[in-house]
Amino acid sequence: MSGNSIGKLFVVSTFGESHGPGLGCIIDGCPPGLALSTEDIQPFLDLRRPGTSRFTSQRREADEVSILSGVFEGQTTGTPIGLYVANKDQRQRDYDKIKDRFRPGHADYAYQQKYGIRDYRGGGRSSARETVMRVAAGAVARKFLAERLGVTIRGYLSQLGPIRLDVKDLGSVDDNPFFSPDPGRIEELEQYMIALRREGDSVGARLTVRASGVPAGLGEPVFDKLGASIAHAMMSIPAVKGVEFGAGFAVVEQKGSEHRDEMTPEGFSGNNSGGTLGGISSGQAIEVSIALKPTSSIQVPGQTIDVDGNPAEIVTTGRHDPCVGLRATPIAEAMLALVLTDHYLRHRAQNADVKSPTPQLPPGG
């Protein structure tokens, strides 16, 4: 299957299916000399893994990562890094009832039409289970960014269904099952999800990810604009249906005098642009938001067709997330880290000797 790799200099290729023996990835292009062990990767996988709360899939996976290659005596060697996570809690029987039917809104029908064959066990390759390796690879990228550039990446839930959240305490994001930046509204989120589960339905979510400390100059001016690469990465996450930068679609109602981020020697007046100008990083924080659709794997009966094209009814049983956005924050953070690492290496390759006479402005607003 084509399209399993992302990046040009920092290239990540993933393999594996939801209910296969395991999942893996190859990271090609990681610079040598980066101290790396499973302890640098495992904490991010623990944040993403299922079964950690009653509001996510109850599939029990340890998601323990193994480093197969590319690291010697605790440091990257510059050769391909192989990472692997075994699947240990498959339940193929959960899908026996629907193996001959297509879940509306899922990839089942499209995969069947494209390849003439599909892995019906949890969606196979189209399952969000594939993203475990993105998080693993992203952990390597974010460590590189932190050590070489001082870049920090922080994501959070900004909206769950109709509930919009304000940023009150980013330090609390990893301490609750919702990745909520407002610890005072956890009970409200819990009650909403409890009611949703009783209905057997699902709901969408909005996540926001911010990368601070990104230097000015990353990105290419035309087809490989930094925002375009980030949007491509975010849209590759299962269930993502929309991407915004900075003010996002609110720019439609803004005037130019309001939208432009004015500059002074003290920095930028705002960050409506989301950290890029002309497709190139401005030195401000990169801020991107994504919208994730409600999963189609629900217990509410729906109309569909079977593999022969006959009308049928479908109800999805088994272990599923009523809101896939609840575990997507580490995934979005990882994808942003992968893109920034790739563009930093590309920038270094062409522009390492460039010395601009203009000082880099403080990030400002």
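The values are calculated or read from the model by the stated rules, or taken from the named source; none is laboratory data. All of these numbers come straight from a predicted model, not from anything done at the bench. All Cβ positions, even for glycine, are placed from backbone atoms using ideal geometry, and neighbour counts span all protein chains on display.
Just to be sure before I move on: is Gly33 under 20 Å from Gln75 (Cβ atoms) and either modelled with pLDDT of 95 or more or assigned to a strand (DSSP E or B) (or both) in the structure I sent? When the stated conditions are applied, Gly33 passes them. Remark: pairs (first residue in region 172-184, acidic (Asp, Glu); second residue part of a loop (DSSP other than H, G, I, E, B) and buried (at least 16 other Cβ atoms within 10 Å of the Cβ); Cβ separation under 7 Å; 6+ apart in sequence or on different chains) = Asp182/Leu165. Per the conditions (1) in contact with a helix residue (DSSP H, G or I) (Cβ under 9 Å, 6 or more places away or on another chain); (2) under 18 Å from Pro330 (Cα atoms); (3) not polar (S, T, N, Q), the sole criterion not satisfied by Ala231 is (1). Can we say Ser229 is over 30 Å from Arg346 (Cβ atoms), polar (S, T, N, Q), buried (at least 18 other Cβ atoms within 10 Å of the Cβ) and under 22 Å from the mean Cα position of the chain (by Cα)? No; evaluated as a whole, the condition is false for this residue. Among the conditions (1) in a strand (DSSP E or B); (2) hydroxyl-bearing (Ser, Thr, Tyr); (3) more than 29 Å from Glu220 (Cβ to Cβ), the only one that Ser18 does not satisfy is (1).
Tell me which residues, restricted to region 325-339, are small (Gly, Ala, Ser) and farther than 13 Å from Thr208 by Cβ. Let's see the steps before the verdict.
Taking region 325-339 as the starting set, the residues that turn out to be small (Gly, Ala, Ser) are 325, 328, 332, 334, 337.
Across region 325-339, the qualifying residues are Ala334, Ala337.
Counting only residues that are aliphatic (A, V, I, L, M) and in a loop (DSSP other than H, G, I, E, B), which one in region 283-319 is modelled with the lowest pLDDT?
Taking region 283-319 as the starting set, the residues that turn out to be aliphatic (A, V, I, L, M) are 285-286, 288, 290-292, 298, 300, 305, 307, 312, 314-315.
Still in the list and also in a loop (DSSP other than H, G, I, E, B): 285, 298, 300, 307, 315.
Details: Ala285: 97, Ile298: 78, Val300: 83, Val307: 92, Val315: 82.
For region 283-319, the residue satisfying everything is Ile298.
Taken as a whole, region 296-316 holds at least one residue that is surrounded by 14 or more Cβ atoms within 10 Å (Cβ to Cβ) and under 21 Å from the mean Cα position of the chain (by Cα).
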